[in-house]
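To keep things clear, I will list the structure first and then write my remarks on it.
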There are 2 protein chains.
Amino acid sequence: MSVSFSPAIILVEPQLGANIGSVARAMWNCALTDLRLVNPRDGWPNPCAVGPASGATPVLDHVRVYPDVPSATADLQHVFATTARPRDMVKPVRSPRQAGVELRTLEQMGRRCGILFGGERSGLKNEDVVRSEAIISIPSNPVFSSFNLAQAVLLVAYEFLLAGAEGETLPADYQVTPAPTEAVDALLDHLDRELDAAEYYREQNLRPTMQRNLHNVFRRAQLTDQEVRSLRGVIARLAEWRGRRRAAKS
Amino acid sequence: MSVSFSPAIILVEPQLGANIGSVARAMWNCALTDLRLVNPRDGWPNPCAVGPASGATPVLDHVRVYPDVPSATADLQHVFATTARPRDMVKPVRSPRQAGVELRTLEQMGRRCGILFGGERSGLKNEDVVRSEAIISIPSNPVFSSFNLAQAVLLVAYEFLLAGAEGETLPADYQVTPAPTEAVDALLDHLDRELDAAEYYREQNLRPTMQRNLHNVFRRAQLTDQEVRSLRGVIARLAEWRGRRRAAKS
């Protein structure tokens, strides 16, 4: 995965430095780098942003500040607006997932895109929404639909990240090889032998069902070679005392 | 959309009250309500949580506090663990999207599920991950993969929310009802006791790793109540001869 310069994340009149830092962290989590602030209430740089950014310096060190939305979006070819409230205007509406795919496609075409997010208090003004070609609307609990600023940025950035990550494979550490069937067979034979010796199956008519259910537990677990060895050790150890007793008797 | 009581969000040793409040907000944004805290550093209730929760009182007013992970998960039938770091253990790995679909399916079947999230400093301990049936791994920038606690919760809760919008069908392996976690705990306690009595762990320094790997096999297998009973019978039967021998000696 590579770092993405598009889309830009544009915070319009953000208030809290801590939220700006959290946005930077969420962006860098998703490999986005271009953070723009329109008229931040407490100015910029803001020391309150550093802690919550948690080391997202590739974003934090390159923040740009603009006096208004037109200047912040001047170089962009596509502008989206994120808003929870429905607006009385005719605009295409995208879910974050749809927008993620669209923005990824545009990025791969070399387009410069940006996404507007309103400040904590009142969100985007209608005139900012008008400037955008589409609205991104985040699905939510209808009785509690207002997201924290950094949370809203994260969801859109995450969908953009995923839209680029198709064909992603699991980390190598998880690609564990299960033991061959014959090793599991041998384990279950071992278990059955010891259970018979210990007279576990008192009622022979129930034996097939009980045995099948017991085997099923271990078949299902996708055991590795190491685990098969461990379980054989467990069985041998638990059963060993019977052998000693037999030896002592004879 | 309706409010969901499952999955529970379980924060293990969270540090900052502000983060707990942000988690509550993210949960309620996604219509989740069951927040559980394991041993929160600054106690509970914590006034620092109120502001960031931003009015998510249906979550905040019903937080429950537990001394440890076993008690926090005792009533749950499915436990997932969220972790960024790959672990040296054999566990299925889900993306948040896959987990969202799975958890939604389970919720619709009336199952009680929970998701473990580690504290801000060091995440989950291996022993907590072992207790879970699958790992949720959040895709991210490989050079900056550590999410803020509330951000990690949000992504998983958001995928759960979205999964409710689609008509998914349930995988066949969930047709069977798993035993509650406390029943599996009791089984593993039983096994450990007998292995100690049988002097299975000859080298005490290897004991924690051996035990963890052994437990992992049974956690992963999604045991039913019937299977737990069968395995306890197997252990008791295999170990019984030692008891008889002891009785015969005295």
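The values are calculated or read from the model by the stated rules, or taken from the named source; none is laboratory data. Keep in mind that this is a model prediction, so the values were computed, not measured. Don't worry about glycine lacking a Cβ; one is built from the backbone with ideal geometry, like all the others, and counts go over all protein chains shown. Calculation scope for accessible area: heavy atoms of the full protein, side chains included, ligands and nucleic acids excluded. Shrake-Rupley method; radii C 1.70, N 1.55, O 1.52, S 1.80 Å.
For the residues of A:145-151, the average number of beta carbons from a partner chain within 10 Å of their own beta carbon is 5. Working note: Cα atoms of the stretch A:72-156, range along each principal axis, descending, whole Å: 39, 25, 24. When residue A:62 is represented by a point 7 angstrom out along its Cα-to-C-beta vector, the spacings to that point in the other copies are 4.5 nm, nearest first. DSSP bridge analysis restricted to chain A gives an antiparallel fraction near 5%, rounded to the nearest 5. Amide hydrogen proximity for residue B:66: with H placed 1.01 Å from N in the peptide plane, the residues at 5 or more positions away or on another chain lying under 5 Å are B:37, B:38, B:39.
Surface composition of the stretch A:1-51: carbon and sulfur atoms hold 59% of the protein heavy-atom accessible area at a 1.4 Å probe. Between 0 and 90 degrees, the angle of helix A:149-163 with respect to the longest Cα principal axis of chain A falls at about 70 degrees. Inter-label distance, residue A:220 to residue A:57: 5.1 nm, where each label sits 7 Å from its Cα along the C-beta direction.
When both bridge partners sit in the protein assembly as shown, DSSP labels roughly 5% of those beta bridges antiparallel.
Each distinct pair of alpha carbons in the protein assembly as shown adds a 1/r term; the inverse of their mean, the Kirkwood radius, is 25.0 Å. The fraction of accessible area contributed by carbon and sulfur in the stretch B:181-249 is 48 percent, rounded to a whole number (1.4 Å probe; ligands and nucleic acids excluded). Note on the stretch A:1-143: antiparallel DSSP beta bridges, both residues inside, total approximately 5 percent of the bridges counted.
A cut-off of 5 Å between modelled amide H atoms, ignoring neighbours fewer than 5 places along the same chain, links residue B:134 with B:81. Along its principal axes, the stretch A:181-249 has C-alpha extents of 40, 32, 15 angstrom, given from the largest down. Put simply, the amide H of residue A:112, placed in the peptide plane, has neighbours under 5 Å in A:77, A:78, leaving out anything fewer than 5 places away on its chain.
Rounded to the nearest Hz, the phi-derived 3J(HN,Hα) couplings of the stretch A:231-237 under the Karplus curve 6.51 cos²θ - 1.76 cosθ + 1.60 (θ = phi - 60°) are 5, 5, x, 4, 4, 4, 5, where x marks glycine and proline.
Interface residues of the stretch A:203-237, defined as those with an accessible-area decrease of at least 20 Å² between the chain by itself and the complete set of protein chains (probe 1.4 Å), are A:213, A:214, A:217, A:218, A:220, A:221, A:227, A:230, A:231, A:234, A:237. Find the sum over both chains of the accessible area lost when A and B are paired, probe 1.4 Å, and report it in Å² to the nearest 100. The summed interface area works out to 5800 Å². Think of a 1.4 Å ball rolled over the protein heavy atoms: the stretch A:8-165 then has 41 Å² of accessible area per residue. Remark: the stretch B:181-249 carries 48 Å² of accessible area per residue (probe radius 1.4 Å; ligands, DNA and RNA excluded). Contact order, relative form, for chain B: 22 percent (alpha carbon pairs under 8 Å, 6 or more residues apart, mean separation divided by residue count). Between residue A:121 and residue A:186, what's the calculated FRET efficiency when r is the beta-carbon distance and R0 is 56 Å? Round to 0.05. Rounded to the nearest 0.05, the efficiency is 0.25. Residues considered: B:159, B:120, B:199. Largest GNM mean-square fluctuation over chain B, using C-alpha springs under 10 Å, is found at B:199.
Remark: the stretch B:52-57, residue by residue, has Karplus-estimated 3J(HN,Hα) of x, 5, 6, x, 7, 5 Hz, where x stands for each Gly or Pro and the curve is 6.51 cos²θ - 1.76 cosθ + 1.60 at θ = phi - 60°.
Across the identical copies, the label point of residue A:212 (7 Å from Cα in the Cβ direction) is separated from its matches by 3.8 nm, in order from shortest. Its convex hull of Cα atoms gives chain B a direction-averaged projected area, equal to a quarter of the hull surface, of 15.7 nm².
In nanometres and ascending order, the distances from the residue B:186 label point to those of the other copies are 3.6 (point 7 Å from Cα along Cα→Cβ). Taken residue by residue and averaged, Cβ atoms of other chains lying within 10 Å of the Cβ of A:29-36 number 3.
Restricting to DSSP H runs of at least four residues, report the calculated mean residue ellipticity at 222 nm for the protein assembly as shown, -39500 (n - 2.57) per run over all residues, nearest 500 deg cm²/dmol.
Estimated from H runs of four or more residues: -14000 deg cm²/dmol.
Listed values for the stretch B:21-31 are Karplus-derived 3J(HN,Hα) couplings in whole Hz (6.51 cos²θ - 1.76 cosθ + 1.60, θ = phi - 60°), namely x, 5, 4, 4, 5, 4, 5, 6, 3, 9, 6, and x replaces Gly and Pro.
Just checking the listed ones, A:45, A:180, A:14: in the Gaussian network model of chain A with Cα springs under 10 Å, the one fluctuating most is A:180. Evaluated with a Cβ-only charge set (Lys, Arg +1; Asp, Glu -1), the stretch B:30-92 carries a dipole of roughly 220 debye about its Cα centre, given to the nearest 20. Computed from the C-beta positions of residue B:68 and residue A:48 and an R0 of 41 Å, the FRET efficiency is 0.70 to the nearest 0.05.
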